[in-house]
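Beneath this line is the structure, given in structure tokens, with notes to follow.
Bear in mind these aren't lab numbers, they're just calculated from the coordinates by the rules spelled out. Fair warning: this is a prediction, and the values are worked out from it, not measured in the lab. Here the Cβ positions follow ideal geometry from the backbone for every residue, glycine too, while neighbour counts run over all protein chains shown.
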Amino acid sequence: MERPYASADVRLRALVEREKQMPQVLEEARKNLKNPPRIFTEIALEQIDGDISFFQNDVPSAFLSGADGAEVAKDTATKAEFAKTNAAVIAALKSYGAWMKSDLLPRSNGDFRLGADTFAKKLAYDEMVDLPLSRLLQIAMDDLHKNQAEFARVAKLINPAKTPQEVLAELATIHPAPGDLLNAFHGTFNSLIAFIREKQIITIPSDVQPTLEETPPFMRATTFASMDPPGAFETHSTKAYFNVTLPEKDWTAEHVAEHMASFNVGTIISTSVHEAYPGHYIQFLWMPKFGSDIRKLLGANTNIEGWAHYCEQMMLDEGYAAAPTNATPEQVRQARLVRLGQIQDALLRDARFVNSIKLHTGEGEPAGKWTIGQAEDFFVKEGYQSRSVAEVETKRGTGDPTYLYYTLGKLEIMKLREDMKAKQGAAFNLQKFHDDFMRQGFAPVKVIRKAMLGNDSPVL
């Protein structure tokens, strides 16, 4: 649909062949789903209407409307068959949604938790991290408390008469209107690129910018923003899409306000840094320089998400969005609000770190269990997030059990940078460090340390 790797007729024929199989997939699901976790069924029910709308509106539009200059399918027979297969998919999804609600949900009593043993194995196999869970939890709490203290310091500079939570509440209201959100993100690109080049942060291999669009319906329940680059060996359709989740039309005003609070003046910048410059998009642009096909295809999230999260702090530390010399009080305030948004995003990732371990292993809990309610409360009270964000983040944590990899990877990269500084002394160069890190591809940081430092020293 999205990538014009062939003519519209060829792609529509491929879609028809895929759609023929979709109703049977849903039938197999009815046979196979015996006792799923209730939260998984609830997420599926939350997304089913969006899925149906996707096939009712987005799929036909992609091939038949010619919107945004897209090629329109011309083959009459294929279009006629598509009308039949697409209608069958819509009917199957509607039936499946009704079945989930009436039949599956009442018997969804399974446990989403991995347990300590499986959780530890997943970390070891995915990320090459084998630290004890108790040590990982301590690392998470230490970083959380450090960021909370920094948040309080910056908040006091903004308004010493208010508590950090009151300043946070003010920050939550400083955001664009929902209809202006995509433009607000796009408006950061040129200044980020100019700063990266002026300060020699990292080599940018291409002048082509990512394409901003609304997050597809089937992804909205568990994500606020994401980067969707083409596959490693794609040669025809090379666009990368920057997805942003806008408020739904049927949300209450309170829900919209809470959602938009996650796109405040500070987090818009940190999200643009994370997803685009110099985060995920730059790493994608470096992909042709990766040393092997394996490194293009396989990777560790502590590298990929760790890099993007590391960049959020690194860019501000290097001076991006800082108040200029002889700044006005308002310019100083804006710079501090941007830093506060970056710290809020860091606290979000710290809360993921803690909740991923506690939700799936119960580590550190007297009863050996950490509930969904406790996880949501932790995001709000300790991670400084709104309740609606806390709900989305907790849902994600049930099915993305090791989403601690953001902060974990960031800390691994920061330690590698400090170790490289210690080794190279005055010869250390930030751009060279970042370029050398990029050349290693998506490998676990443990592998990259060996390549760059020449030893097997600990990642943390």
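Tabulated data
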{"quantity": "Euclidean distance of C-alpha centroids, the stretch 124-168 and the stretch 70-120, integer Å", "calculated": "39"}
{"quantity": "Within the stretch 353-442, chymotrypsin sites (Phe, Trp or Tyr not before Pro) in DSSP loop having at most 14 other beta-carbon neighbours inside 10 Å", "calculated": "428"}
{"quantity": "Nearest-ten-degree value, helix 430-439 long axis tilted from longest Cα axis of the chain", "calculated": "30"}
{"quantity": "Degrees between helix 329-361 axis and first principal axis of the chain (Cα, 0 to 90, nearest 10)", "calculated": "70"}
{"quantity": "Cα-based helix-to-principal-axis angle, 387-399 vs the chain, degrees rounded to 10", "calculated": "70"}
{"quantity": "Alpha-carbon centroids, the stretch 379-434 and the stretch 196-247: separation in whole Å", "calculated": "19"}
{"quantity": "Length released on extending from residue 125 to residue 198, taking residue separation times 0.36 nm less the Cα-Cα span", "calculated": "22.4 nm"}
{"quantity": "From the C-alpha gyration tensor of the chain, square roots of 5λ in Å", "calculated": "36, 28, 25"}
{"quantity": "Nonlocal amide H pairs with residue 211, under 5 Å, H built at 1.01 Å", "calculated": "240, 241, 242"}
{"quantity": "Segment residue 209-residue 49, extension gain: residue separation times 0.36 nm, minus the distance between their alpha carbons", "calculated": "54.4 nm"}
{"quantity": "Given charges at beta-carbon only (K, R positive; D, E negative), |dipole| of the chain in Debye", "calculated": "840"}
{"quantity": "Neighbour cut-off at most 10 other Cβ (10 Å), DSSP loop, trypsin sites (Lys or Arg not before Pro), the stretch 328-408", "calculated": "none"}
{"quantity": "Value of relative contact order over the stretch 204-251, rounded to a whole percent, pairs C-alpha under 8 Å and six or more apart", "calculated": "45"}
{"quantity": "In the stretch 203-236, the chymotrypsin sites (Phe, Trp or Tyr not before Pro) that fall in loop regions by DSSP, at most 16 other Cβ within 10 Å", "calculated": "233"}
{"quantity": "Alpha carbon centroid spacing (whole Å) that separates the stretch 23-39 from the stretch 262-315", "calculated": "35"}
{"quantity": "Neighbourhood net charge (11 Å Cβ-Cβ; Lys/Arg +1, Asp/Glu -1) for residue 319", "calculated": "-2"}
{"quantity": "29 Å Cα-Cα threshold exceeded, pairs from 121/421; 34/358; 156/432; 358/446; 34/381", "calculated": "121/421; 156/432; 34/381"}
{"quantity": "Over the chain, relative contact order from alpha-carbon pairs under 8 Å, at least 6 apart, %", "calculated": "19"}
{"quantity": "At R0 = 45 Å, FRET efficiency that the Cβ-Cβ distance of residue 387 and residue 80 yields, to 0.05", "calculated": "0.40"}
{"quantity": "Sequence of 143, 207 once ranked by neighbouring C-beta atoms within 10 Å, starting from the fewest", "calculated": "207, 143"}
